[in-house]
């Protein structure tokens, strides 16, 4: 059986399954923060160059709102 690198990194984090599960939430939080950094530093400035349109901003706000509603509704 061959393990993926992501699975190996999470599984080696703790000695028991509860510790591993707890540590994986920190890894996922770090990954989310890294993704937000990339969006803010790379995509938003690139998007603002050239012709300006509010379509991207509106869809970003709508998508974020839908995500938050689903998070609250589904727990």
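The values are calculated or read from the model by the stated rules, or taken from the named source; none is laboratory data. All figures in this text were calculated on a predicted structure; none of them were measured in a lab. Glycine also receives a Cβ, built like all others from the backbone with ideal geometry; neighbour counts cover every protein chain displayed.
Taking every residue in region 35-61 that is on the phi < 0 side of the Ramachandran plot and in a helix (DSSP H, G or I) and pairing it with any residue that is surrounded by 11 or more Cβ atoms within 10 Å (Cβ to Cβ) and modelled with pLDDT under 75, at least 6 positions away or on another chain, the pairs with Cβ-Cβ distances below 8 Å are 56/47. Does residue 45 satisfy being surrounded by fewer than 10 Cβ atoms within 10 Å (Cβ to Cβ) and at pLDDT below 60? So residue 45 fails the test. Can you find even one residue in region 19-36 that is at pLDDT 65 or above, touching a helix residue (DSSP H, G or I) at 6+ places or on another chain (Cβ under 6 Å) and surrounded by 10 or more Cβ atoms within 10 Å (Cβ to Cβ)? Yes, region 19-36 contains a residue that is at pLDDT 65 or above, touching a helix residue (DSSP H, G or I) at 6+ places or on another chain (Cβ under 6 Å) and surrounded by 10 or more Cβ atoms within 10 Å (Cβ to Cβ).
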